[in-house]
Amino acid sequence: CSESDLGPISLNWFEELTAEAPP
Amino acid sequence: DAAEHLTPVLPDGPREENLQFVSELKDSSGSCAVDVSTVWWEADGCRELRVVTASESSVSLWQPLAHNHWAKTYTWQLAEIPVIQIIPLPDTCNLVCVALGELEIGEIRLLGYSSEADSFKHSLVKTGNIKAAVGLKEQRLVSSSRTLQEQQVEVVLLSETGGSKDWQTLMAPEETVTAFAEVEGMREALVGTTAANSIVVWNLQTGQLLRQMHAGCSCPAPLCHRAFSDSGLLFVVLSHPHAKESESCGNLAFHVVAFNPRTGRSRGVVFSSPPPGWGGRQVYLEGDVWDTVGAAVLTSGAVAVWDLLRGRCGAVLPPGPSGHWALTRWAAGAVLLAGQRDGTVGLYRY
């Protein structure tokens with residue numbers, strides 16, 4: 001998969017989504 | 001006979017030899033087999049892998065003997081509610097988890113052995129209208145259940161003695177959760193599939209629902225088996241029970257999908273389809289995934305094994321002389337268990 005297919009990729013997606021999600 | 005018809009149509013010729021017969025056990029109780037699994041069992045200082053078989057009214061523990069023979073060492077009788085499935089618990093010892101119910105799971109029980117009392121026992125873990133239950137590492141059990149008003153997603157921490165020590169509620173999506181898979185290497189990450197074709201990601205420690213994404217496939221109600229994160233992408237192994245061949249959804253057995261959890265976008269990476277059978281198209285009925293291999297029972301009564309990272313069918317076990325295969329499960333060390341309804345279980349090395 002290329003980045004253009006799936007959008008910008010973050011290696012820290014889990015920590016970032018945890019910080020953004022409602023508690 | 002079936003093998004002769006089947007092997008010429010496999011993409012790279014006959015490969016039945018990729019499955020090496022190891023041993024066979026047969027439950028002669030005459031009751032219809034509903035599930036088969038394995039469990040680590042420690043007794044007299046010796047820890048070994050034992051086979052567990054389930055019929056509607058009982059669950060039996062089988063011990064390996066010399067010369068590839070098996071002996072039934074204990075049977076738990078569960079006569080009140082039918083046994084539906086065995087729920088494997090990774091990295092636990094001397095505990096068997098079973099789901100009981102009529103059409104759906106009504107209760108989950110732990111079957112075990114108490115060395116203090118020197119007796120076998122069973123204990124109730126959960127009751128309710130349970131839609132899915134999966135064992136996680138570190139003696140945890142995650143389940144989804146429904147009341148009329150809402151869905152409850154809950155992780156129970158099981159104790160060594162067969163009780164429940166603690167629990168955590170996870171934020172539930174609106175759609176019914178049909179399967180769960182731990183994200184390997186990420187202790188706090190859990191994914192689930194829903195009846196409405198979504199992938200859900202949770203933080204197990206906080207209970208937060210982090211992301212809900214379209215499963216990236218038009219096949220209805222996929223089930224997740226494995227998940228791992230690599231290079232910022234979340235890879236999920238899905239299966240498609242009873243998927244019908246159609247223009248929008250090919251005849252799939254397993255499917256590896258890459259998700260970008262940041263954007264929710266997805267892309268199918270590898271597709272594993274059933275090989276054509278001697279009587280026409282074969283469809284996936286049920287299966288299991290271990291490491292990078294998937295095994296499934298097909299409508300022809302055969303068991304097929306795939307390399308999920310290449311989408312290649314690596315072996316086919318034709319229906320046996322005594323009947324069709326109905327169940328297939330992986331055990332530690334690439335051992336495949338194949339079960340028939342009459343209680344016959346074959347063990348094969350892949």
Check: Residue by residue through the stretch B:119-129, which ³J(HN,Hα) values in whole Hz follow from phi under the Karplus form 6.51 cos²θ - 1.76 cosθ + 1.60 (θ = phi - 60°), with glycine and proline marked x?
Finding: 8, 7, 8, 9, 9, 7, 9, 7, 10, x, 8
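What shape does the protein assembly as shown have by the C-alpha gyration tensor, where a ≥ b ≥ c are the square roots of the eigenvalues, rounded means a/c under 1.5, and otherwise prolate means a/b greater than b/c and oblate the rest?
Oblate shape, in that a/c is at least 1.5 and b/c is the bigger or equal ratio.
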Notebook entry, point to check: Can you give the extra length, in nm with one decimal, that the chain gains between residue B:334 and residue B:137 once fully stretched, where that is 0.36 nm per residue apart less the Cα-Cα distance?
Noted result: 69.0 nm
Note to self: On a full-extension model of 0.36 nm per residue, what is the gain between residue B:230 and residue B:42, subtracting their alpha-carbon distance, rounded to one decimal in nm?
What the structure shows: 64.1 nm
Note to self: Taking R0 as 25 Å, what FRET efficiency do you get between residue B:81 and residue B:160 from their Cβ-Cβ distance, rounded to the nearest 0.05?
What the structure shows: 0.50
Note to self: Between residue A:5 and residue B:116, what's the calculated FRET efficiency when r is the beta-carbon distance and R0 is 41 Å? Round to 0.05.
What the structure shows: 0.10
Checklist line | Rounded to whole Hz, the Karplus (6.51, -1.76, 1.60) HN-Hα couplings of the stretch B:311-327, x for glycine and proline | finding: x, 9, 6, x, 6, 10, 9, x, x, x, x, 9, x, 6, 6, 10, 9
Next item on the list: Mind sorting B:32, B:224, B:313 by how few other Cβ atoms lie within 10 Å of their own Cβ, fewest first?
Entry: B:32, B:313, B:224
Note to self: Past 25 Å, Cα to Cα: identify those pairs from B:72/B:121; B:72/B:126; B:72/B:131, in the order given.
What the structure shows: B:72/B:126; B:72/B:131
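With +1 on each Lys and Arg Cβ and -1 on each Asp and Glu Cβ, how big is the dipole of the stretch B:236-350 about its Cα centre, in debye rounded to the nearest 20?
300
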Notebook entry, point to check: What are the residues whose amide H is under 5 Å from the amide H of residue B:270, where those residues sit 5 or more places off or on another chain and H is modelled from the backbone?
Noted result: B:256
Item checked: Charge dipole (debye, nearest 20) of chain B; +1 at Cβ of Lys and Arg, -1 at Cβ of Asp and Glu -> 640
Margin query: Need the full-extension length gain, residue B:104 to residue B:196, defined as separation in residues times 0.36 nm minus the C-alpha distance. One decimal, nm.
Written below: 31.3 nm
Notebook entry, point to check: When DSSP beta bridges are limited to those with both residues in chain B, what percentage is antiparallel, rounded to the nearest 5?
Noted result: 100
Next item on the list: Quantify how much of the Cα-Cα distance distribution of chain B extends past 35 Å, in percent.
Entry: 21
Note to self: Against the empirical 2.2 N^0.38 Å scaling, what ratio does the C-alpha Rg of the stretch B:110-255 come to?
What the structure shows: 1.15
Next item on the list: Measure off 7 Å from each Cα along the Cα-to-Cβ vector at residue A:19 and residue B:123, then give the distance between these two points in nanometres to one decimal.
Entry: 4.1
Item checked: Antiparallel DSSP beta bridges within the protein assembly as shown, percent to nearest 5 -> 100
Checklist line | Residues with amide H under 5 Å from that of residue B:176, placed H, sequence gap 5 or more | finding: B:195, B:196
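A short reminder: the numbers here are calculations on the coordinates, not readings from a lab. What you see is a predicted model; the values in this text were computed from it and never measured. Counting neighbours? That spans all protein chains shown, and the Cβs are built from the backbone with ideal geometry, glycine included.
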